[in-house]
Amino acid sequence: MTEEEFDGKIRGMEGKMYRLARSMLRSDADCADAMQNAIFIAWRKLPALRKPEKFEGWLTRILVNCCRDMQREYLKRKGEGPITADIPQEICQSRDIDLHWALEALSEKHRLPILLHYMNGLTVNEVALILRLTVPSVKGRIREGMKKLRMMMEENAE
């Protein structure tokens, strides 16, 4: 893969990468750092990629690992609980923001498979490879997560 091809693929994935990083990290700056780290690692390890058609899943796995590394680092420094996004209260009126909050309220165990499958358009098999889980586990986490999301959205609508 040439540098131009690599750059093109990265540019095509920027939105998906940001949404995934944002679902795991607290701030835009942390998301940018995780994305930059993942891109750097991917470029450095590009010769190890045996199947170029698997680039998107491969890079997504690298990004998930970078985000998890940042979470561990943050928790070590701060000694705090899970990392969640901070959304200004004045914009929390729309349904999209309600969905965002509901997603943030899910555990990473349920949130990641949902985001990778529904928001990033990956197949269940690809999600299983990225998260290093079995396909039935991914399906179960998506099913449980969607059930919890529906309950939270219904409670919020009332």
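Pairs please, first residue from the stretch 114-139 and among the hydroxyl-bearing types (Ser, Thr, Tyr), second anywhere and surrounded by 15 or more Cβ atoms within 10 Å (Cβ to Cβ) and modelled with pLDDT of 85 or more, Cβ atoms under 6 Å, 6+ apart in sequence or on different chains.
Going by the 6 Å Cβ cut-off, there are no qualifying pairs.
Considering the stretch 132-145 alone, what residues qualify as being in a helix (DSSP H, G or I) and surrounded by fewer than 18 Cβ atoms within 10 Å (Cβ to Cβ)?
Val135, Pro136, Ser137, Lys139, Gly140, Arg143, Glu144
For the stretch 7-38, give me the residue count where each residue is without any contact (Cβ under 8 Å) to a residue 60 or more places away in the chain, under 15 Å from the mean Cα position of the chain (by Cα) and part of a helix (DSSP H, G or I).
Total satisfying the criteria: 16.
Looking at (1) farther than 16 Å from Arg68 by Cβ; (2) in a helix (DSSP H, G or I); (3) hydrophobic (A, V, I, L, M, F, W, C), which is the one condition that is false for Met1?
The failed condition is (2).
The values are calculated or read from the model by the stated rules, or taken from the named source; none is laboratory data. Just so we're clear, the structure is a prediction, and the values are computed from it rather than from any experiment. Glycine also receives a Cβ, built like all others from the backbone with ideal geometry; neighbour counts cover every protein chain displayed.
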